[in-house]
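Working notes for the structure below.
Nothing in this text is a laboratory measurement; each read-out follows from the coordinates by a stated rule. Being a predicted model, the structure only gives us computed values, none of them experimental. For neighbour counting, all protein chains shown are included, and Cβ atoms are generated from backbone atoms with ideal geometry for every residue, glycine included.
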Amino acid sequence: MERIKKALDKARQQRQVGNYRSGQAVINNPAAVPSDMTRTIEYTRTLCFEPRQQHLRQHRVISALDAQGDFFNAYNMLRTRVLREMQKKDENVLAITSPGQGEGKSLTAINLAISMARELTGTVLLVDANLHQPRLHEFFGFQPEQGLSDYLSGNAAIPDILVNPGIERFVVFPGRGGLANASEMLASPLMTGLVEELKHRYPSRMVIFDLPPVLKADDVLAFAPYVDASLLVVEEGNTDQEDFKQAVALLQDSTHFLGSVLNKTTE
């Protein structure tokens with residue numbers, strides 16, 4: 001916990017001062033967002049592919065399906081509440097984390113991001129910032145050839161990493177492979193510059209970072225000064241109450257904490 005305490009102190013100081021086949025993906029058109037956001041966005045360098053509907057269904061990517069029901073509506077309600085709170089402060093960068101492993105933060109980040117893309121007139125960018133174990137691409141059924149770790153290592157440019165999984169106004173910035181120095185890389189000048197680039201290049205874009213669990217490493221707290229707001233995902237019947245309280249306290253002390261999402265509830 002000493003590393004977490006140091007990261008928290010640093011955060012305080014800074015606040016104060018599918019159909020995809022490798023090599024055969026369809027390339028449509030630019031990463032540039034048109035001035036008329038009601039038009040269809042075209043991509044030139046962004047990799048585009050159509051995930052299999054069955055794969056999305058099996059991995060519970062509900063918001064990407066033409067579906068109705070309690071789960072679909074729950075994500076829409078979450079979207080509305082999150083956007084309302086962030087728009088009050090003119091925020092557009094959201095971090096999503098959980099106290100521990102396996103509590104559903106990545107799936108929540110995916111479904112929330114897609115739901116936002118369906119609602120907003122701007123675009124949504126989902127970044128896999130779990131440098132220990134990136135896996136957002138698994139939910140869509142593709143294997144990235146380049147990812148965030150390649151960008152941070154200076155081996156890839158942003159446009160060559162982005163992927164559009166067949167959903168209008170929604171782009172994924174995938175990860176690829178874990179890094180031993182994940183905390184240091186998340187707090188590096190290169191990562192700071194990336195966040196600023198993603199945040200300010202298109203004012204109408206919402207950026208969501210899927211981060212590692214907040215209590216497993218100091219990554220989240222090291223990264224916290226660079227985001228606008230945070231959301232905590234907990235699992236009913238699995239998340240320890242003391243872990244939940246500790247995670248909330250850490251996020252409240254380092255970000256604009258929006259609240260928590262209760263996953264896998266029986267109600």
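Note on His132 and Glu85: the model spin-label points, each 7 Å out from Cα along the C-beta direction, lie 2.4 nm apart. I'd like the distance separating the alpha-carbon centroids of the stretch 153-170 and the stretch 178-242, in whole Å. Comparing the Cα centres of the stretch 153-170 and the stretch 178-242, I get a distance of 18 Å.
Sorted by mean Cβ packing within 10 Å, highest first, what order do the peptides 51-58, 210-217 take?
The densest-packed peptide leads the list: 210-217, 51-58.
By other beta-carbon atoms within 10 Å, ranking Thr46, Thr97 with the fewest at the front produces Thr46, Thr97. Only Lys, Arg, Asp and Glu carry charge here, each on its Cβ (+1 for the first two, -1 for the last two); on that basis the stretch 215-267 has a dipole of about 80 debye about its Cα centre. Using C-alpha pairs below 8 Å separated by at least 6 residues, the relative contact order for the stretch 171-246 is 29 percent.
Stretching Gln68 away from Gln143 to a fully extended chain increases their span by 24.1 nm, per 0.36 nm per residue minus the current alpha-carbon distance. Each residue, Asn238 and Arg201, gets one label point 7 Å from its Cα in the Cβ direction; the gap between the two is 3.3 nm.
Counting every other Cβ atom within 10 Å of each residue's Cβ, Ile158, Ile110, Ile208 order from fewest to most as Ile158, Ile208, Ile110. Proximity of backbone amide H atoms, modeled 1.01 Å from N, is registered between Val127 and Phe173, Ile208, Phe209, Asp210 at under 5 Å, excluding neighbours fewer than 5 places apart on the same chain.
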